[in-house]
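*Asks:* Below are the structure tokens for one structure; questions will follow.
The values are calculated or read from the model by the stated rules, or taken from the named source; none is laboratory data. Note that this is a predicted model, so its numbers are computed, not measured. Positions of Cβ are backbone-derived with ideal geometry, glycine not excepted, and every protein chain shown enters the neighbour counts.
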Amino acid sequence: MSKHLRVILFSVAILLVMVPASALAVSSTNFYKQGGEVFDDWDICRTNAVGEDGFFQVYSETEFCPIILGESLGENTDKAYQVGQQLAQDYADIHQRAEKIFVFARGKVKYTSDADQFGFPEFAQNADELAATIEDEGFAYGDCEDYAVLLAVMYKGAGFRSAIVLASDHTAALVYLPKYNKANKILSVNDEPGWVWAEATGGNNPLGWMPERYIGKRLGFYEVEDEAIIAVEPPDKPSTTVTKGGGSTGIHISPFFSVLAMMWFLSLFRRRRRR
């Protein structure tokens, strides 16, 4: 190899190291922008959780509907649901199956804030987007609602009842395992005990570990139904590109949870004024 060629290759290598991850990332184009927010093929806002168009349709401290789940259920089932189905075939014991699904999400998704990954303060991914990235690259990046959505869909595909639980600063998945004895807390919803917290954002969390700060707190609950949402014809607007970068990992409080925290605070203030 000539000295000149070695210099060129070395220079290219240095440039690759110096180029930020977002510039080398794979982009998605099935989105459009309106009013400063990003919407997808189902007309769901990926950059806002609140309101009718929001990916979680949050209306109050306990009233919400994680509509983004419907992009991966029913007629829309794809890779995430299929992972659950495959694990159901591989593990007949329901407790072992539930643990394997949990370990899959915990091990294959690396916690990363949306700001670091997408450049938006908030950007929700559906379960199949995460599963497809895992299939292609061996792992994916996401934050707490991404973990929760992926787990809820995989559990549904594996034959479990699953749910999303919402706190003022966090969201997680629940799975119905009434005889599971490894959890630090078994939750009861509408007088029905047997719900187990699935908190996969920490690398060492076991299935059933519920953070103490949420025990006894007022939480929103939504049980997942295996129903699809219908894709709509998007408005006649130019598509926008959402670029995925790696970014740094770490726990961040997103604007989504800032809004929820404000809802919690206002409801507490209202209750105190009534006394």
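*Asks:* Confirm whether residue 65 is closer than 26 Å to residue 218 by Cβ, in contact with a Gly (Cβ under 6 Å, 6 or more places away or on another chain) and of a type in the set (A, V, I, L, M, F, W, C).
*Replies:* no
*Asks:* Check off (1) more than 23 Å from residue 138 (Cβ to Cβ); (2) modelled with pLDDT under 95 for residue 246 and give me the number that stays unchecked.
*Replies:* That leaves (1) as the condition not met.
*Asks:* Would you point out the residue of the stretch 104-154, among those that are over 24 Å from residue 74 (Cβ atoms) and small (Gly, Ala, Ser), that is surrounded by the most Cβ atoms within 10 Å (Cβ to Cβ)?
*Replies:* 113
*Asks:* So which residues in the stretch 64-98 are buried (at least 20 other Cβ atoms within 10 Å of the Cβ) and of a type in the set (Gly, Ala, Ser)?
*Replies:* Result: 70, 72, 80, 84, 98.
*Asks:* Here's something else I'd like to know. Which one of these is assigned to a helix (DSSP H, G or I) and within 22 Å of residue 41 (Cα to Cα): 96, 86, 117?
*Replies:* Selected residue: 117, the only one of 96, 86, 117 that is assigned to a helix (DSSP H, G or I) and within 22 Å of residue 41 (Cα to Cα).
*Asks:* Working carefully through the options 101, 164, find the one that is at pLDDT 95 or above, under 25 Å from residue 215 (Cα atoms), buried (at least 23 other Cβ atoms within 10 Å of the Cβ) and in contact with a Pro (Cβ under 7 Å, 6 or more places away or on another chain).
*Replies:* 164
*Asks:* Does the stretch 176-190 contain any residue that is farther than 24 Å from residue 87 by Cα and either surrounded by 23 or more Cβ atoms within 10 Å (Cβ to Cβ) or hydroxyl-bearing (Ser, Thr, Tyr) (or both)?
*Replies:* Yes.
*Asks:* Here are some conditions: (1) over 23 Å from residue 154 (Cβ atoms); (2) part of a loop (DSSP other than H, G, I, E, B); (3) at pLDDT 65 or above. Residue 213 meets all but one. Which one does it not meet?
*Replies:* (2)
*Asks:* If only one of 122, 71, 145 is among the acidic types (Asp, Glu), under 17 Å from residue 174 (Cβ atoms), touching a helix residue (DSSP H, G or I) at 6+ places or on another chain (Cβ under 9 Å) and in contact (Cβ under 8 Å) with a residue 60 or more places away in the chain, which one is it?
*Replies:* 145
*Asks:* Let me ask something else. Name every residue in the stretch 79-135 that is more than 14 Å from the chain's Cα centre (by Cα) and basic (Lys, Arg), in order of residue number.
*Replies:* Hits for the stretch 79-135 are 79, 97, 100.
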